[in-house]
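Peer 1: One structure follows; several queries about it will come next.
Derivation of every value follows stated rules applied to the coordinates shown; laboratory data play no part. Everything numeric in this text was worked out from a predicted model, so none of it was measured. Glycine gets a Cβ as well: all are built from the backbone with ideal geometry, and neighbour counts include every protein chain shown.
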Amino acid sequence: MNYALIFRGHNFEYEVQAVAKIFIPGVRFQLCREQDAPETENWILTELNPVQNRMQVKIRLHGMQYEDSLPAVPETAEQEFQLCRMLWQGLQKLTGYQPPWGMLTGIRPVRKVLDALGQGMPPGQVCEMLKQKYQISDRKIKLALDTALVQQAVLPHSPREIGLYLSIPFCPTRCSYCSFVSHSVASAKNLIPEYVQKLCEEIKILGNLIQNYALSVQSVYIGGGTPTAVSAGQLRQIMQTVQEFINLEHIREYTVEAGRPDTMTEEKLQVIREMQADRISVNPQTLRNSVLQKTGRCHTAEQAVEAFRLARKLGFANINMDLIAGLPSDTEQGFADTLRKVMELHPESITVHTLTVKRAGNLYHDTAYQKIEIPAVEKMTELSARLLPAAGWRPYYLYRQKNTVGNLENVGYALPGKENLYNILIMDDRQTILGAGCGASSKIILPGQKITRVMNYKFPYEYIGRFDELMAKKEQIAQELEKLALYN
Ligand code: SF4
C-alpha cells in the first residue's frame, strides 16, 4: 500500500516523517511539496499558512479522515513541535495506537532527562514535563529517569578523560538482522592479516597523539563485528599494540566485545585476560535454538552457556550478555525463559535490545519480519524492565534507533559498579572518543563547542587501500586534541 506526505509552507519533513513512521512503520512515503497531488488514497498533509496565520493537518488513512488546525505560533522550533503534535494526535485517534514513547522520536530520551536535571529541575517535575510535552507512558518515563540517575554517578569529570574504540569488522557468518559493515571471516580471509597490521599502525598513531596532548584514557572498547572472529594470534597482535602504545594507567574499564559464542576459544579468552581486558560480552541473543537457527548465527544456546562458563572459569569477573526482544518466531514465553536462564547465570550486565532491521539486513525482505507482533515485543521489554531491576540489575544506558520494532528501546542493565562507561558515553556525546579501524569515527568534544567528527573509511578494503589518506586526516584530530589539552 502507498502513502504520501504532503508538505506546505514549511521545511519540517524530517520530524513529520518520523512521527508518521511511529504509526505507519516500514513504509516508504511518497514526499510531495506544495501543490503536488499525491498518487495514493492514503496521505497526510501538514501546512503552515502565513497568510491565514494557521497551521493545519489533514489525514486520509484507510478510508478514515482527520482534520485539525491551530493559530500559527511565531517561533520556528515551536511551529515544528505544534505541527508534529497535531499530527501525532490525529494518527493516534485514527489508529487507536498509544506509542509507549509518545511523540518522542529522538534516539536519546535519557539526554532530555539529564539536561533537565542539570538545569536544576527536580525528578518529579522532569517526569511531569516528559508526560505533558511528549505523552510518554509512565513506564518509559521511569525507565529513562532511573537510567539517568545511574548515569549521573559515573559520568567523567574532565574533558581530557577520553575513550578509545577499536573496530574489528569481521564475523563468522552474517546475522539475518545485521546492517553493519561486518564481513564474514570466510569472504574476508585474505584481508584480515593486512587489516590487523593497519589497525595496529593506527593504534600507534593515536597512542602518540594521546601522549603528546597528555590525555587520560578511561576506557578501551574493542568491538565490531566480532573481535574474537580473528585468530588468537591476531587478537594478541592488536591487544599487544594497545599495551605498548596506549597509556592504560588511568583506565577504568577495558572491554572486548567477544560477542559470538562460537568464536570464543580458551586460547582467545586467555589472550584477553593476559592483555588485561576486564570485561567481555557473550551474546546469546536468545537461548531458544529454534529461534537462533533462523538468525543465521550458527551457534546453539548450549554453546552460549558453555562460553559463559568458560569465561567465568578463566577468571572474568565482568561479563555482559546481550539479548534481543522481537526475534522472528520468538514468543513472550520463549523470551521470558531466555531471560530467566540468563539471570540464573548471573552475568554482571544484561543488555536487552529490541530487534531493529534496516534495509541492509537480510531479514528486511523476509516475510518473518512482517509477522512480528509489536504488543508481544512490548511485553518482552516490559518484562525485562520489571524483572531485572527487581533482581539488582539497574538500567544504566538506554537508546533508541530508527526502524526498531514498535519504536522501542535498547537498555543496558548492570549490577551496581559494573556499568559500562563506554556504552554510556558513546550515546551521550559528553566525552571525546578516538576510533581506529574501518567504520570507526573519532569524536572530539570541547565543552560548549560544536563536536568534531572524523570518520574512517567504512569498508576494510577501503581502509587498507586508502590508509595513507586516512592518516592525513589525523592532522585534523591533532588540532582538536591540542585545544582539548588546555583543559584540566
Ligand atoms: S554478530 Fe553483530 S556485527 Fe556480526 S553479523 Fe551478527 S549482528 Fe552483525
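Peer 1: When only alpha-carbon atoms are used, what values of Rg and Dmax, in angstrom, describe the stretch 143-216?
Peer 2: Taking only Cα atoms of the stretch 143-216, I get Rg and Dmax of 18.1, 48 Å.
Peer 1: Restricting to the chain, what percent of DSSP beta bridges are antiparallel, rounded to 5?
Peer 2: Around 45 percent of the beta bridges assigned by DSSP in the chain are antiparallel ones.
Peer 1: I'd like the isolated cysteines in the chain, meaning no second cysteine's beta-carbon lies under 4.7 angstrom from theirs.
Peer 2: Result for the chain is Cys32, Cys84, Cys127, Cys171, Cys200, Cys298, Cys438, no neighbouring Cys Cβ within the cutoff.
Peer 1: Using a 10 Å cut-off on Cβ atoms, rank the peptides 217-227, 398-408, 237-247 from the highest mean neighbour count down.
Peer 2: Result, highest mean first: 217-227, 398-408, 237-247.
Peer 1: Cα centroid distance between the stretch 1-73 and the stretch 196-273, in Å?
Peer 2: Value for the Cα centre distance between the two parts: 49 Å.
Peer 1: Taking 25 Å as the cut-off for C-alpha to C-alpha distance, list the pairs among Lys268/Lys313; Lys204/Lys358; Lys189/Lys473; Lys204/Lys458; Lys112/Lys443; Lys358/Lys458 that go past it. Numbers along the way, then the final one.
Peer 2: Values: Lys268/Lys313 14 Å; Lys204/Lys358 35 Å; Lys189/Lys473 28 Å; Lys204/Lys458 20 Å; Lys112/Lys443 21 Å; Lys358/Lys458 17 Å.
Listed pairs above 25 Å: Lys204/Lys358; Lys189/Lys473.
Peer 1: Can you give the helix-only mean residue ellipticity at 222 nm for the chain, where every DSSP H stretch with n ≥ 4 adds -39500 (n - 2.57) and the sum goes over all residues, rounded to the nearest 500 deg cm²/dmol?
Peer 2: -12500 deg cm²/dmol
Peer 1: Give the distance, in whole Å, between the Cα centre of the stretch 335-377 and the Cα centre of the stretch 448-486.
Peer 2: For the stretch 335-377 versus the stretch 448-486, the Cα centre distance is 35 Å.
Peer 1: Continuing with this model, one more query. Once you keep just the Cα pairs under 8 angstrom separated by 6 or more residues, what percentage relative contact order results for the chain? Display every interim value, and only then the final one.
Peer 2: Values: 914 pairs, mean separation 70.2, N = 488.
Over the chain, the number comes to 14 percent.
Peer 1: Highest mean first, how do 276-283, 166-173 rank when packing is the count of other Cβ atoms within 10 Å averaged over residues?
Peer 2: 166-173, 276-283
Peer 1: Please order Met55, Met380 by the number of other Cβ within 10 Å, starting at the fewest.
Peer 2: The fewest-first ordering by Cβ neighbours comes to Met55, Met380.
Peer 1: I've got another one for you. Treating cross-link reach as a plain straight distance, find the aspartates and glutamates whose alpha-carbon is under 14 Å from the alpha-carbon of Lys483, omitting any fewer than eight places away in the same chain.
Peer 2: Straight-line reach from Lys483, under 14 Å: Glu161, Glu475.
Peer 1: With the alpha-carbon atoms as the only input, what is the per residue convex hull volume for the chain in Å³?
Peer 2: It comes to 161 Å³ per residue, whole-number rounded.
Peer 1: Listed highest first by mean packing, meaning other Cβ atoms within 10 Å per residue, what order do 320-329, 128-137 come in?
Peer 2: Averaged packing, sorted descending, gives the order 320-329, 128-137.
Peer 1: Let me ask something else about it. Write down the Å³ per residue value for the convex hull defined by the alpha carbon atoms of the stretch 153-436.
Peer 2: 119 Å³
Peer 1: Among Leu149, Leu83, what is the fewest-to-most ranking by other Cβ atoms within 10 Å?
Peer 2: Leu149, Leu83
Peer 1: Ala214 to Asn49: extension gain in nm, 0.36 nm per residue of separation minus the Cα-Cα distance?
Peer 2: 53.9 nm
Peer 1: Between Gln243 and Ala186, what is the spin-label point distance in nm, taking each point 7 Å from the Cα along the Cα→C-beta axis?
Peer 2: 3.4 nm
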